[in-house]
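Comments concern the structure below.
The values are calculated or read from the model by the stated rules, or taken from the named source; none is laboratory data. Note that the structure is predicted; figures quoted are calculated from it, not measured. FYI the Cβ positions are ideal-geometry reconstructions off the backbone, even for glycines, and counts take in every protein chain you see. Remember, those area values only see protein heavy atoms, side chains included, never the ligands or the DNA or RNA. Shrake-Rupley method; radii C 1.70, N 1.55, O 1.52, S 1.80 Å.
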Amino acid sequence: MTTTEAPTRLFGAAIKRREDPKLITGQGNYIEDINLPGMLHAAILRSPFAHARIKRIDTEKAKSHPGVVAVYTGKDMESLNPLPCAWQAGGVKNNVNTPRALAIDEVHFTGDGVAVVIAEDRYAAEDALALIEVDYEPLPVVVDAEEATRPGAPQLHENAPNNICMRWTCGKEQETDQALQQAEVVVRQRMINQRLIPTPMETRGYVARYDAGTDEYTIWMSSQAPHVHRLLLAAFVLGVPEHKVRCIAPNVGGGFGAKIFVYPEMAVVAFASRQLDRPVKWVETRRENYVATTHGRDHITDVELGATRDGKITSLRVTTYANLGAYLSTIAPGIPTTLYGRMITGVYKIPNAFVEVLGVYTNTAMVDAYRGAGRPEATYVIERIVDILADELGMDPAEIRRKNFIPPSDFPYDNGVGMLPYDSGNYEPALNRALELVNYEQFKRDQAEARQRGKLLGLGLCSYIEVCGVAPSKWIGLPGEGWGAGLWESANVRVHLTGKVVVTTGSLPHGQGHETTFAQIVADELGVPYDDIIVQHGDTLGTPFGYGTYGSRSAAVGGTAIFKSVQKIKEKARKLAAHLLEAAEEDIVYENGKCYVRGSPDKAKTIQELALEASVGYNLPPGMEPYLDDTTYYDPPNCTFPFGTHVAIVEVDPETGMVDLLRYVAVDDVGNVINPKIVDGQIHGGIVQGVGQALFEGAVYDENGQLVTGTLMDYALPKASELPSFELDRTVTPSPTNPMGVKGAGEAGTIAASPAVVNAVVDALSHMGVRHLDMPLKPERVWRAIHT
């Protein structure tokens with residue numbers, strides 16, 4: 001057998017992603033690529049009204065259309081249970097209302113599904129939708145979260161008076177109010193964090209195949225969490241044992257949070273496949289993606305910040321109306337509570353803080369996690385109000401941040417609003433490096449000189465922190481946080497008798513590069529060639545149960561599960577080597593893929609040789625089972641808390657209000673870095689989405705509940721031509737939570753970019769008396785601020 005030495009250390013190496021050649025040459029396998037024998041196609045009729053009673057549905061004409069096999073309405077699917085809300089706001093009563101596979105009797109947002117056509121091809125299915133006759137009785141509509149809570153507002157659900165799903169608080173209300181009353185300076189501001197549409201490149205899609213012989217469902221899905229989808233669909237919607245459902249996530253063309261959740265269409269295709277005994281496929285159009293897939297953000301927030309005259313923050317009070325849409329999505333209440341309210345103090349040592357969140361139903365699409373999920377909203381609030389405080393006091397924004405940073409000696413740090421202790425941090429070096437890169441003092445001189453010439457330059461800072469690796473069962477599973485289960489992650493590592501290594505993981509990629517970074521971890525730890533490692537994921541039949549990919553948790557939780565499985569393999573290899581080398585186990589050293597007797601490295605067994613011996617199994621020590629094969633379910637003791645400082649420099653055209661992003665500098669601390677190239681890519685993508693929110697994006701409903709930004713012609717996404725080359729750097733503060741010291745990088749850019757850009761634009765206009773502008777900072781809004 002040929003054994004090859006492992007390459008030099010790969011942890012920390014900026015190698016190219018191994019999955020890219022397949023994807024960029026069209027060899028990927030997405031939902032649209034799946035075609036099964038006898039497969040039918042589904043098309044869904046959606047309500048044109050945001051709120052209405054369904055008086056009658058006539059499907060006869062549609063049923064007789066050529067190619068149509070069946071037409072179902074919500075009443076045909078009454079045997080299916082409503083979708084579950086798995087993460088409710090902790091410690092308070094949640095007035096829960098979730099969608100059904102298809103609406104029955106009443107629709108609550110434009111896009112609510114009311115009927116489905118199943119046909120031999122997609123064209124016939126779509127054509128037949130126009131033949132379904134629905135008699136609606138329109139009802140009053142409300143789309144604004146604050147207005148929805150007022151007396152007399154249209155009521156969506158009987159069990160949620162004033163449309164309030166829950167009222168949740170954290171922190172110290174009495175102490176905070178007292179500190180605000182005693183503060184030498186108090187600044188107040190209302191902020192709008194507008195609704196966003198995730199817009200992954202691949203829309204949602206599902207293919208269901210029911211096997212009558214085994215009474216089992218197989219569902220292919222564009223999913224970030226197939227194991228979770230299997231559990232929730234089986235136990236809560238279909239009412240079958242979990243082992244009767246197999247979920248497969250092939251290549252996933254982006255998710256940004258929107259593919260974490262259970263959706264009505266999953267149940268629709270499963271129901272139809274069972275009824276017709278044929279596979280059924282549904283892939284949404286981009287229009288459907290905009291009206292029926294979850295949205296993100298949509299907060300109305302009032303914030304008060306108290307401080308001393310020398311800039312020391314003493315108190316923070318926040319009240320937020322969180323628009324949850326017409327129904328609760330799978331984890332919707334957890335986003336504006338645990339992931340927003342408990343992170344509101346940011347990187348600052350604030351002795352008194354209190355947050356109140358009202359989760360509100362409106363006649364709009366469901367709102368749930370979108371890249372960053374609560375942390376961008378929290379960071380925006382604290383970073384904007386800190387800049388407003390600096391302006392009020394006449395202090396430098398960088399200096400007021402330094403004055404209030406949590407000092408390194410305070411870690412692990414309790415932020416006072418119920419978050420787990422921040423694991424590690426050293427915030428000032430990241431701020432200093434970012435200011436150095438932009439030549440901060442020179443910029444201030446350039447800005448003053450430019451204003452004399454009528455040019456409007458601005459610089460914005462954002463010093464952020466986020467919670468990643470959301471998983472610890474003893475925290476997230478408690479009633480106080482509302483999840484009701486753990487969020488641990490799993491991994492199996494198997495060394496075959498040929499020496500090749502197969503890793504199966506509950507984490508799965510939708511653009512993050514798992515197949516590369518996970519292989520780097522195994523190659524280093526096991527000492528095998530990188531190319532000898534295969535990473536498998538996405539199939540609930542072939543992988544251990546895992547909670548999926550979101551919340552920047554893959555490396556810190558899923559990667560650590562892999563790391564720990566490898567340690568078990570190494571330990572077993574040492575025991576086997578001791579037996580084969582006739583040495584004491586404590587004298588065996590595992591190093592660079594070899595086991596040898598301490599002091600005699602020439603007397604060694606390679607991991608490939610040991611894998612063969614373990615596989616054939618006839619010369620094993622007493623009590624040892626054959627094969628090098630181990631599984632880990634890793635439940636971390638704490639989350640991880642990446643941080644950093646981002647700086648945006650803009651120029652504003654005073655004649656048009658157009659904002660030009662001139663420079664963007666990001667100094668992030670994500671702990672130890674497995675692959676710098678992949679981390680840089682994650683930071684780049686996150687920045688683009690954060691800049692998009694600051695300058696371009698915003699989902700808008702009119703007063704009738706119609707989504708007026710329902711196409712890519714109306715919803716503005718950022719383009720490469722509108723962005724500078726990003727300048728990235730890092731500091732490194734390892735996490736003590738996991739053995740690799742990693743933290744998380746997938747959402748950092750999104751969290752920091754929006755406040756950095758808004759702060760920059762406000763800075764450019766500050767000499768004109770502009771104190772705050774709500775996103776998106778489109779030219780008309782900026783122009784009006786200049787000329788009002």
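Which whole-number percentage describes the relative contact order of the chain, with Cα contacts under 8 Å and a sequence gap of 6 or more? Intermediate results must be reported in sequence, preceding the final value.
Numbers: 2023 pairs, mean separation 125.1, N = 788.
Rounded, it is 16 percent for the chain.
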Completion exercise
Filtered hits (aspartates and glutamates, Cα-Cα < 13 Å from K349, offset >= 8 within chain) -> D410, D414
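What is the dipole size for the chain, taken about its Cα centre, with +1 at each Lys and Arg Cβ and -1 at each Asp and Glu Cβ, in debye to the nearest 20?
Numbers: 73 positive and 97 negative charges, 80 e Å.
That gives a dipole near 380 debye.
Distance check, please: which entries in K172/K403; K572/K603; K403/K455 exceed 25 angstrom between their Cα atoms? The partial results should precede the final answer.
Working: K172/K403 23 Å; K572/K603 18 Å; K403/K455 31 Å.
Exceeds cut-off: K403/K455.
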Exercise for the section: Go ahead and run the numbers for FRET between V708 and R286, Cβ-Cβ distance against an R0 of 25 Å, rounding to 0.05. Expected result: 0.95
Exercise for the section: Pull up the DSSP beta bridges for the stretch 180-304 and report the antiparallel fraction as a percent, rounded to 5. Expected result: 80 percent
Exercise for the section: Once you've got the Cα coordinates, tell me which of K22/K575; K22/K677; K16/K444; K75/K244; K22/K259; K16/K259 are over 30 Å apart. Expected result: K22/K575; K16/K444
Problem - Cross-link reach list, lysines versus K719, counting only Cα pairs under 21 Å and skipping chain neighbours closer than eight places - result: K778
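Counting Lys +1, Arg +1, Asp -1, Glu -1, what net charge surrounds T337 among other residues with beta carbon under 12 Å of its beta carbon? List each step's numbers first, then the result.
Values: positive: R167, R342; negative: E356, E377, E481.
Combined, the nearby Lys, Arg, Asp and Glu give -1.
Reported to two decimal places, what Rg/Rh ratio describes the chain when computed on Cα atoms with Rh from the Kirkwood expression?
Details: Rg = 27.5 Å, Rh = 27.7 Å.
Rounded to two decimals, Rg/Rh equals 0.99.
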Fill in the blank from the handout: Of all stretches in the chain that avoid trypsin sites (Lys or Arg not before Pro) placed in a DSSP loop and having at most 13 other Cβ atoms within 10 Å, the longest is 94-308
Completion exercise
Computed over the chain, protein heavy atoms only, probe 1.4 angstrom, the accessible area per residue in square angstrom equals 36 Å²
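Quick one: work out the % antiparallel among DSSP beta bridges in the chain, nearest 5. Mind dumping the intermediate values first?
Values: 102 of 128 bridges.
So the antiparallel bridges in the chain amount to around 80 percent.
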Practice task
Give me the accessible area of S329, 1.4 Å probe, in Å² rounded to the nearest 10.
Solution key: 0 Å²
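Heavy atoms only, probe 1.4 Å: what % of the accessible area of the chain goes to carbon and sulfur, would you let me know? Kindly include the intermediate steps, with their values, before the conclusion.
Values: 14150 of 28390 Å².
Solvent-exposed carbon and sulfur of the chain make up 50 percent of the total.
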Exercise for the section: Would you please state which residues of the stretch 155-181 a label at R190 would reach in this model, taking the label point 7 Å out along Cα→Cβ and a backbone N cut-off of under 20 Å? Expected result: 163-164
Problem - Peptide ranges 128-137, 697-706 listed from the most packed, as the mean C-beta count within 10 angstrom indicates - result: 697-706, 128-137
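What's the ranking of 747-756, 644-653 by average number of surrounding C-beta atoms within 10 Å, highest first? Present the calculation step by step, with values, prior to reporting the outcome.
Working: 747-756: 31.4, 644-653: 25.8.
Packing proxy ranking, top to bottom: 747-756, 644-653.
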Practice task
Could you please report the charge total around N95, scoring K, R as +1 and D, E as -1 over all other residues with beta-carbon less than 12 angstrom from its beta-carbon?
Solution key: +1
Problem - Under 18 Å from the Cα of K93 - lysines, other chains or at least 8 residues apart - result: none
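At 222 nm, what value in deg cm²/dmol follows for the chain if DSSP H runs of at least 4 each add -39500 (n - 2.57) and the sum is divided by all its residues, to the nearest 500?
Values: 19 runs with 201 residues, N = 788.
For the chain, the value works out to -7500 deg cm²/dmol.
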Completion exercise
Once R453 and K500 are pulled to full extension, the length gained, defined as 0.36 nm per residue separation minus their Cα-Cα distance, is 10.3 nm
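In nm, what is the difference between 0.36 nm times the number of residues separating T631 and K603 and their Cα-Cα distance? Walk me through the numbers before you get to the answer.
Working: separation 28, 0.36 × 28 = 10.08 nm, distance 2.97 nm.
Gain on extension, T631 to K603, equals 7.1 nm.
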Exercise for the section: Determine which residues of the stretch 121-139 fall in the zone a paramagnetic label at N35 would reach in this model, i.e. backbone nitrogen under 20 Å from the point 7 Å along Cα→Cβ. Expected result: 121-127
Problem - Cβ-based net charge around I313, under 9 Å, with every Lys or Arg adding one and every Asp or Glu removing one - result: +3
